[in-house]
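The values are calculated or read from the model by the stated rules, or taken from the named source; none is laboratory data. Predicted, not measured: the structure shown is a model, and the values here were computed from it. Virtual Cβ from ideal backbone geometry, glycine too; neighbours counted across all protein chains shown.
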Amino acid sequence: MTAVSPAAGPGLTWRLLDHTPAEIAIEADGIPVTPGWAWGGSTGRAVRVCVVDSGVDADHPMVGRVDGAWAVVAVDAGGYRVEPTTAGDPCGHGTACAGIIRRTAADCELYSVRVLGEHGSGTGAMLLTGLRWAVRQGFDLINLSLSTTRIKFVDELRAIADEAYFGGTAIVASAHNTLVESFPWRFASVISVGSHVEESDPELLLYNPRPPVEFFAPGQNVEVAWPGGGTIRTTGNSFATPLVTGLCARILSKHPRMTTFQLKNTLYLLAANVRVSSGGSA
Amino acid sequence: MTCTACGGQTPVGARFCPACGARTVTPSRSAERKLVTVVFCDLVGSTALSEALDPEALRSVMLQYFAVLRATIEQCGGTVEKFIGDAVMAVFGVPVMHEDDARRAAAAAVGMLDALARLNADLQHQLGVRLRVRIGVHTGPAVASADVSSRQALVSGDTVNVAARLEQSAGAGEILIGPLTRQALGASARTELVGPLPLRGVAAPLTAYRLLGIGADDPAVLRRFDLPFVGRAQEMAALGRALTDARVSGAVLITVYGEPGIGKTRLVRAWLDRTTQRYAAGAGRCRPYGDSGSLAPLAEVVDQLLATPAGRAVTDAEARGVLSAGLLPDGTPGSSLDGTSAAVASVLRELSQATPVIVTVDDCHWASDTLLEVLRRLVTVLRRSAVLVICLARLDLRDRRPGWDGPQLVLEGLSRAESEVIVATRAEVGAHIAPDAAPVLDAAGGNPFYLEQLLAAAEESAPTGELPHSLQSLLGARIDALDLAERSTLDLAAVLGREFLAADVSALAHGGPEGSPGGPLAHPDAVTAALSELRRRRLVESAGPAAAGDEALRFGNGLIHEVTYRAMAKRTRAERHVRAARLLAGRTGVTARIATHLERAYGYRVALGLRDEATEELRHRAARLLGVAGAQAFARSDLTWAATLLGRAVDLLTPDDAAWAAAARRLGEIRLATGRAQDGAALLRAVLDRCADPVNVAHARLALAVADDGRSFDGAAEVARETLPVFAAAGDHLGQARAYIRLAQQSQRLGRHGVAEGQLRAGLRHAVRGGAEPELALALGAVGVSLWRGPMPVPTAIDECRRRLASHGAARPTVQVTLSCPIAVLLALDDRADEARACLTGAGRLAAELDIPESGVVLPIFRAAVESLSARPRIALDLLDRAAEAAERLGAAGLLGTARREAARLLLDEGRYAEAAEQLATIAADTELLRADRADLDGLRGRLAAEAGAFDEALDLSQRAVAAAGATDSPIVQAVAHLDRAAVLARVGRREDSAAAAVLAGRCFAVKGHRPGQRTVVDFRRRVEGARVAGHMGGTRK
């Protein structure tokens, strides 16, 4: 039995609610990076992005082409298997994430692995099966706007996250919306994303001086694609994460040899609240 | 009270009539709606049986058969409703519901087959025959009229038919159950899907299941013990302290109290999982109906403890012998209670020498007195042993055993944050979308089981909006367990609402049969006593102090309120709502509540087919009061609430009703004001078509004319001029306020701010007298515009605006919004940009709360004006873009034009001519414009033409702008036109004329006290005249 308590103390920040970007300004060492260098002119072309979620509605105008779609299905003999699917997205959550990635990196390749059911919930076994499979396909990026609160899946998830990290697949994982421990966003091997409530700049990226959540992106009142071809406005760390995934796609398209730690470093140096004050050869 | 036998009067509370000696009949509960489970059992092959047996033998067999069935049903807590031929019908849930009625019914069905098998063994032996039966079980809603005294229950409804049909579809020896029964049994039942079964007389095929058997009702299976455990740190610490006490000072008994589902069992299990102290544990559970001995829970405990390695090594053979002879096999005390107690104590004492022993007895509210006595005795005799006895019980145990021993721990609901964690961690894997769980959290009131059930119900493939049956059973059982006085009190409170005043419940009771002589609440203090009992049972809680010594109370959570309310028959609800309306009549500020009571009473009577005069009268009264309440809400600027109330009034009425026109007209006006233009216009046109009353027609005409203003300029002012006498004749201040405001707006369009001010003063006067908040706000906002645009100098204008804000603004958010905008611009004209911004920020916050759709356009335009006056054109342009977008969405053509022109001016000033031209091009050529706007537009077009080299056109346009501006009394408009003219003249090379025009502009700005304008003129002159100087100098240098 796992124990869960809310408000696990001031050390952990899941969402940036009561601070402005100016209040979390950070001085950093390093060589300054400009957005122009990082992703100027890039549309994410040739970067393979996999959305591990509730599926993706490929017919949605904000999603565009989906280059491959699979679903984790139960096998009669017990256990699960990943197979191709044409079922789309019975929930809408995956479509919303895919739409944000497409909006951010218009020319990336989008793939979908469905591990969630129609209410945006699923089982740990399905997540492990789907995520492991996606990592082994060698996608460049995996967007994971979900997590599990169950401790029993932690070891296996950590192993998968490490495998991705060393194998050149960057997992961009969303922090939980509620103040609870969940996984895999808590691991250092993934790029973890929470949300801030600034609505002025739809691509405002902030670095969190108090990890485990490393980055904040807009996650409040975000306009997202929704099954049926329309859009809704909604809130959640789920929607901050695909923006970061899209930014990563733009960076990787321009710098395809970047490792996950270089990618994370680039995001860090680009964050609006991070000022690079020293560095270079000195 | 009247004796039903002789008709004589009997004293209240007498059990027998003093005149004739007949038993008095307690007033029966009225008809109730409840969730019941119905069981039908019928004999298969009875004809063959009657042919095979002698009539006397047959009669004896049948008597045994019925006796066996009745005994089984009653043992499980069911009520035998009737025998029909060879069939028996039993109901579980009457006269009182139990939370596990479905399970009891299923147990009874299985039990009947078992009992019959035993009977058959005898019959086979004696007579050579066997009885075979088929059984149907179905759970569903029913109306029950329960007569407590006779225990006779009359249950009716579809549920009975379906149960009978299921029985007829079953094979011999088979039990078929319906879907809700299946759901209620949960994981503990073994069933097979029979599939959709077409049943005679039942519309849709029913998904039926074959019941094969039922297992243990372990809470870990029935409730979601697989979910993460949330909160309860303090309670766990308290249990930890109790164990330490037991270890240090000897046996402790602690009782954990809490309502069903609050998490008593899980608390103890979670604590046992987590505690770092060593222990040996055994747990037992009491059950609501007897299929085992009264000490069975203790037997479970001892059995578990003896099965551990330490238990197997227990040396006291005598104690083992006593327990094996009585307690362990059947849960009875065996030969003697004392002997059994001593044996248990001996075992516990021996075990506790190695490690503390924890004995948990769950569901102690169902514990027999014998068991409670044994537990108490154990703690006494084990005062030197490390034994912790934990009793888990609902609050009912305190009723049964007021002095029940030992320390206690009462579990309250989880906090909001903890409940949110339950929602967030329910699924093993969850998407990180922020769910709107507020309604479910409110309803559950911190009870994790309720929360879990509600969330599960919300996720069903076709949510019905009905409460989950598990909760209906659980809560229905809680309120059914109340006595008549408490239940009547709770019912009356439920009619009043989730929150209510104690005195209101009392008054409601004494205005009806409940509080009349012979009624359950006849005693003057009966309601107070019942409420205090209901609070003790946590069904009701304090909601804080109310006026005049009364107390505000509320239902413990939304579900208790809902279940109580829904359990009343519709006819009862209708009658009580009428009484509630009568009770509230005459109080102030409760019109909407009275209307709601009448509306509900009407709705229930219609649902019951009672279409009589009384029903009609309810409809009229409800609609009239909803109309009044809606008009009040409208006058108080609460448009959303007003729309709801008036919408309900219009729904109740038809155009033939006298009250329809006023309600429909007001609703139409609100729809227009809240951005639902088409709906609003349609309603108002319907009023014009169908209504003869001149005042309503005048209002509708004026509202439509105002709505049409984008197309037919000045139409509203014309209609205002025509309708003003109608309103005046009728003494309709609202109408007059509106008409004056429209006239003033026309004056403003013509740029005559002086005239406008006078008309607005009249409008304001009528708005105050008519208590019309939106009109007051409109007039004050318009006054603000005239003070800003008109001849009054800036400092005086600011003072004037602030004076009006002070006299009308307090507690009027709308006024604060509409006056803040012109004040902000005036402040910016006085070079006080920071004050101006603060002023608009406050206005924006208020507007968002008030849900005024136009504020999305108007506020950015004003903010842009402030930014542009403080020389921040880029920010101003962004704001204007936003305003234009919002204006397009709203279809607000006038505001869109304003945003475009303002943007064009900023772009022109920055030299971005092409973009400026683009902005102006989007303003439709045929748009009719305010005089000032016409001057503005011509001035802009003149400057653009000059830049394009079309000098003649430029001069012509700028001249027209100056002329139009001259016809207004606005120094700002005039100054801007002169300055545009100066720019054109400079561009065409007429520098002297340009300078003269700039001087005129400067004078106008100076008259107004427009500081940024005056600087602009100076800059302009320096640029134009300085360019000449610089040119000369350059020439010299060459």
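Annotations for the structure displayed:
- Test result for B:Leu846, farther than 24 Å from B:Asp714 by Cα, in a helix (DSSP H, G or I) and either of a type in the set (Phe, Trp, Tyr) or without any contact (Cβ under 8 Å) to a residue 60 or more places away in the chain (or both): yes
- Evaluating B:Ala932 against the criteria (1) under 60 Å from the mean Cα position of the chain (by Cα); (2) more than 20 Å from B:His1010 (Cβ to Cβ) leaves one unmet condition, (2).
- All positions within the range B:244-281 that are within 15 Å of B:Asp363 (Cα to Cα), more than 14 Å from chain A (Cβ to nearest Cβ) and of a type in the set (Gly, Ala, Ser): B:Gly258, B:Gly261
- In the range B:96-135, of all residues being in a loop (DSSP other than H, G, I, E, B) and within 49 Å of the chain's Cα centre (by Cα), the one that is farthest from B:Ala67 (Cα to Cα) corresponds to B:Glu99.
- With respect to the conditions (1) closer than 18 Å to A:Gly44 by Cα; (2) crowded, with 20+ Cβ neighbours inside 10 Å; (3) among the acidic types (Asp, Glu), A:Glu214 lacks only one, and its number is (1).
- Residue match in the range B:753-761 (condition: in contact (Cβ under 8 Å) with a residue 60 or more places away in the chain and over 39 Å from the mean Cα position of the chain (by Cα)): yes
- The one condition in (1) closer than 20 Å to A:Pro256 by Cβ; (2) among the aliphatic types (A, V, I, L, M); (3) within 14 Å of chain B (Cβ to nearest Cβ) that A:Ile142 fails to fulfil: (3)
- Among the residues making up the range B:985-1038, those that are at pLDDT below 90 and of a type in the set (A, V, I, L, M) are B:Val1024, B:Ala1027, B:Val1029, B:Ala1030, B:Met1033.
- When the range A:119-128 is filtered for residues that are within 8 Å of chain B (Cβ to nearest Cβ) and either on the phi < 0 side of the Ramachandran plot or free of Cβ contacts under 8 Å to residues at least 40 places away in the same chain (or both), the ones remaining, listed by number, are A:His119, A:Ser121, A:Gly122, A:Thr123, A:Gly124, A:Met126, A:Leu127.
- Subset of the range B:832-891 that is within 38 Å of the chain's Cα centre (by Cα) and of a type in the set (S, T, N, Q) - its residue that is modelled with the lowest pLDDT: B:Ser855
- A search for C-beta distances below 6 Å between a residue of the range B:114-131 that is charged (D, E, K, R) and any residue that is in a helix (DSSP H, G or I) and surrounded by fewer than 14 Cβ atoms within 10 Å (Cβ to Cβ), counting only pairs 6+ apart in sequence or on different chains, returns B:Arg130/B:Gln124.
- Restricting the range A:164-178 to residues that are β-branched (Val, Ile, Thr) and within 14 Å of another protein chain (Cβ to nearest Cβ), the residue that is surrounded by the fewest Cβ atoms within 10 Å (Cβ to Cβ): A:Thr178
Let's see how each residue does on (1) at the interface with another protein chain (Cβ under 8 Å from one of its Cβ atoms); (2) surrounded by 24 or more Cβ atoms within 10 Å (Cβ to Cβ); (3) under 22 Å from A:Val224 (Cβ atoms):
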| site | (1), (2), (3) |
| --- | --- |
| A:Pro90 | no, no, yes |
| A:Val113 | no, yes, yes |
| A:Gly117 | no, no, yes |
| A:Gly130 | no, yes, yes |
| A:Val135 | no, no, no |
| A:Thr148 | yes, no, no |
| A:Asp155 | no, no, no |
| A:Asp162 | no, no, no |
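- Evaluation of B:Ile852 against (1) outside any helix (DSSP H, G or I); (2) closer than 24 Å to B:Ala965 by Cβ (one fails), failing number: (2)
- All of (1) touching a residue at least 12 places away in the same chain (Cβ under 8 Å); (2) surrounded by fewer than 20 Cβ atoms within 10 Å (Cβ to Cβ) hold for B:Arg134 with one exception: (2).
- Restricting attention to the range B:464-493, the residues that are among the acidic types (Asp, Glu) and part of a helix (DSSP H, G or I) total 3.
- Residue that is nearest to the chain's Cα centre (by Cα), among those in the range A:198-234 that are farther than 11 Å from A:Ala96 by Cα, within 14 Å of chain B (Cβ to nearest Cβ) and of a type in the set (S, T, N, Q): A:Gln220
- For B:Arg377, the stated conditions hold: it is within 19 Å of B:Pro297 (Cα to Cα) and either among the β-branched types (Val, Ile, Thr) or touching a residue at least 24 places away in the same chain (Cβ under 8 Å) (or both).
- Assessment of the range B:954-962 against the conditions (outside any helix (DSSP H, G or I) and in contact with a helix residue (DSSP H, G or I) (Cβ under 6 Å, 6 or more places away or on another chain)) yields no matching residue.
- Test for B:Ala530: is it touching a strand residue (DSSP E or B) at 6+ places or on another chain (Cβ under 7 Å), crowded, with 19+ Cβ neighbours inside 10 Å, aliphatic (A, V, I, L, M) and closer than 21 Å to B:Gly512 by Cα: no
- Residues of the range A:92-111 classified as within 14 Å of chain B (Cβ to nearest Cβ) and in contact with a Cys (Cβ under 7 Å, 6 or more places away or on another chain), total: 0
- Where B:Pro971 falls short, out of the listed (1) touching a residue at least 40 places away in the same chain (Cβ under 8 Å); (2) within 28 Å of B:Arg752 (Cα to Cα); (3) surrounded by fewer than 21 Cβ atoms within 10 Å (Cβ to Cβ): (3)
- Qualifying strands (runs of 3 or more DSSP E) (wholly inside the range B:377-462; at least 1 residues being more than 14 Å from every other protein chain (Cβ to nearest Cβ) and either surrounded by fewer than 21 Cβ atoms within 10 Å (Cβ to Cβ) or within 33 Å of the chain's Cα centre (by Cα) (or both)): B:387-393, B:408-410
- Some residue of the range B:674-693 being touching an Asp or Glu at 6+ places or on another chain (Cβ under 9 Å) and on the phi > 0 side of the Ramachandran plot: yes
- Scanning the range A:70-80 for residues that are away from chain B (no Cβ under 14 Å) and at pLDDT below 95 gives A:Val73, A:Ala74, A:Val75, A:Asp76, A:Ala77, A:Gly78, A:Gly79.
- Filter result (among the basic types (Lys, Arg) and assigned to a helix (DSSP H, G or I)) within the range B:744-758: B:Arg749
- Count of residues meeting criterion [free of Cβ contacts under 8 Å to residues at least 12 places away in the same chain and buried (at least 18 other Cβ atoms within 10 Å of the Cβ)] in the range B:243-283: 0
- Any hit, the range B:637-658, residues being at pLDDT below 85 and among the hydrophobic types (A, V, I, L, M, F, W, C): yes
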